[in-house]
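Novice: My structure is below; once you've seen it, I'll send some questions.
The values are calculated or read from the model by the stated rules, or taken from the named source; none is laboratory data. Treat the numbers as computed from the prediction; the structure is a model and nothing was measured. FYI the Cβ positions are ideal-geometry reconstructions off the backbone, even for glycines, and counts take in every protein chain you see. Remember, those area values only see protein heavy atoms, side chains included, never the ligands or the DNA or RNA. Shrake-Rupley method; radii C 1.70, N 1.55, O 1.52, S 1.80 Å.
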Amino acid sequence: MMIEMATTLDALKGVSAYPIPLRTFVEVAERRGVSLSEEATQAVITGRQYRLAKADLLLWLYLAPNVTQGGQSYSFTDEQRKQFRNQASSIYAELGDEHAASLPTYGYKGSRL
């Protein structure tokens, strides 16, 4: 029995069960110079381009709407969204990506709205 090796696309899809559109994976991969059909080896998934692509997807998930598709609902709690954003920020900061500095911080500040 031969086991088929996972591609980079498969690995990126593993970030979340949320139905991320294929065009989003394609856009992120093109922006980061990642080949979606490449075998997801250890060298690939620990590489800078893949990790930045993963951070981009985490940030996309942070902003993703709650959806219902085919009778299945996908939603995130505020805490889950915060974790996506924090993971993305951590990767950007570790790899020195300028995107990390551009992430705004939202939330309640002060005694009035």
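Novice: Give the residues of segment 33-61 that are open to solvent by less than 70 Å² (accessible area, probe 1.4 Å) and either hydroxyl-bearing (Ser, Thr, Tyr) or in contact with a strand residue (DSSP E or B) (Cβ under 7 Å, 6 or more places away or on another chain) (or both), sorted by residue number.
Specialist: Ser35, Leu36, Ala40, Thr41, Tyr50, listed by residue number.
Novice: If you scan segment 8-33, which residues turn out to be under 20 Å from Asp97 (Cα atoms) and either touching a Ser or Thr at 6+ places or on another chain (Cβ under 6 Å) or among the basic types (Lys, Arg) (or both)?
Specialist: Within segment 8-33, Arg31, Arg32 qualify.
Novice: With at pLDDT 95 or above and of a type in the set (A, V, I, L, M) as the only criterion, which of Leu113, Leu52 stands out?
Specialist: On the way: Leu113 fails: at pLDDT 95 or above.
Every option except Leu52 fails the conditions.
Novice: Working only within segment 13-32, note down all residues that are of a type outside the set (A, V, I, L, M) and open to solvent by less than 60 Å² (accessible area, probe 1.4 Å). Outline the logic, then answer.
Specialist: As a first pass, look at segment 13-32 and keep what is of a type outside the set (A, V, I, L, M): 13-14, 16, 18-19, 21, 23-25, 27, 30-32.
Passing the criteria: Ser16, Tyr18, Pro19, Pro21, Thr24, Phe25, Arg32.
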